1. For mean projected area of the Cα convex hull in nm², one of [x] 26.3; [y] 20.6; [z] 16.4 was computed from the structure I shared and the rest are decoys. Which label?
2. Only bridges with both residues in the chain count here: give the DSSP antiparallel percent, nearest 5.
3. Rounded to whole Hz and in sequence order, give me ³J(HN,Hα) for the range 281-296 from the Karplus expression 6.51 cos²θ - 1.76 cosθ + 1.60, θ = phi - 60°, writing x for Gly and Pro.
4. Using Cβ counts within 10 Å as a stand-in for footprinting exposure, how do SER272, SER219 rank, fewest first?
5. Please arrange LEU92, LEU164 by counting, for each residue, the other beta carbons lying within 10 Å of its beta carbon, fewest first.
6. With a/c under 1.5 counting as rounded, go ahead and sort the range 180-325 into rounded, prolate or oblate using the C-alpha gyration tensor (a ≥ b ≥ c being the square roots of the eigenvalues; past the cut-off, prolate if a/b is larger than b/c, else oblate).
7. Could you pull out every residue, at least 5 positions away or on a different chain, whose amide H is within less than 5 Å of the one on SER258? Hs are placed 1.01 Å off N in the peptide plane, and Pro or chain starts have none.
8. If you project the alpha carbons of the range 244-326 onto the principal axes, what extent comes out on each, in Å, largest first?
Amino acid sequence: MTREAHAFWLRTPGQGEIRPVTLPAPGPDEVLVRTCYSGVSRGTETLVFAGRVPADQYAVMRAPFQEGDFPAPVKYGYLNVGTVEQGRADLLGRTVFCLYPHQTGYVVPAEAVVPVPDGVPPARAVLAGTVETAVNALWDAAPLLGDRVSVVGAGMVGCCVAALLARFPGVRVELVDTDPSRAGIAGALGVDFASPADAATGRDLVVHASASAAGLQRSLELLRPEGTVVELSWYGDRPVELSLGGVFHSGRLSIRGSQVGAVAPARRGSRSFTDRLALALDLLDDPAFDALITGASRFAELPDVLDRLTSGELPALCHLITYDGE
């Protein structure tokens, strides 16, 4: 592999560009990876592209191999699948996932990559970072056998949560979204679908992932007394207004935040970040997840793609980025 690579950078909020980069020679504990696919995590990456990361969250929102600083210029992203071309013998030739930005090739410590299981196609493996978020959310939520669970927000994160919940014995799952076209995706994932107005009430647990105040309000309304909303949305710099004067207090309802930056307390003593990511990759051995990849573009088109995703002109759950040779 040539030592010359190219990376996507946000030059200023709303304007991206492709920049050349020269890769260093990999050291004894490093690997050189040629990227096959990356994925655009639409919710977070469009907020970054628009320059809407709150100043007090700059440190929290840094990606593992981010370069530059918010709001810009910054190299950001974390869904990357590639092939190891140099480095540790047991990884040579392996397809691996790495929390790396959009770049044609890169050098990272060997422990930063996780092999993709043989049964998982490389293109589907870009979802691993989002499935990892869903795994952590369900470690936080701890659903029980027979629970009635709603997932409000059929975006990339919400759909991954619903897909995993569908595997829980006896759990009845309803995916709730304002977009009726998401009913087809719900069907592919094996869960029910409803609009917010028609959503089932009396739920034991609601996972909220719509990134809207209206979605969070409706999530509370769907709960049974003493039920819990697990909040997965990231709102960037937008304020969220809720009405808590109804049943919130009398019903003893709870809102609990979940965030992937730390392993959930329920598993923190027994699982590492690598364990969690490896589990996410194992769970992707299921073709139902292919429904979440809703478009593809070439790497060279990424500046325009992120602009169109941010404006809403290009609808997507996970938008796949393809690289030369794929």
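1. This structure yields the entry labelled [z].
2. Taking every DSSP beta bridge within the chain, about 55 percent pair in antiparallel fashion.
3. Using θ = phi - 60°, the values come out as 5, 4, 5, 6, 6, 7, x, 4, 5, 4, 5, 8, 8, 10, x, 8 Hz.
4. SER272, SER219
5. Numbers: LEU92 12, LEU164 21.
Arranged by neighbour count, lowest to highest, LEU92, LEU164 become LEU92, LEU164.
6. On the way: a/c = 1.80, a/b = 1.44, b/c = 1.25.
Cα axes put the range 180-325 in the prolate bin.
7. Those lying under 5 Å, H to H, from SER258 are GLU231.
8. Extents along the principal axes: 55, 38, 24 Å.
We did not get these values from a lab; they are worked out from the coordinates using the rules stated. Everything numeric in this text was worked out from a predicted model, so none of it was measured. Methodologically, a virtual Cβ is constructed for each residue, glycine included, from the backbone with ideal geometry; neighbour enumeration extends over all protein chains shown.
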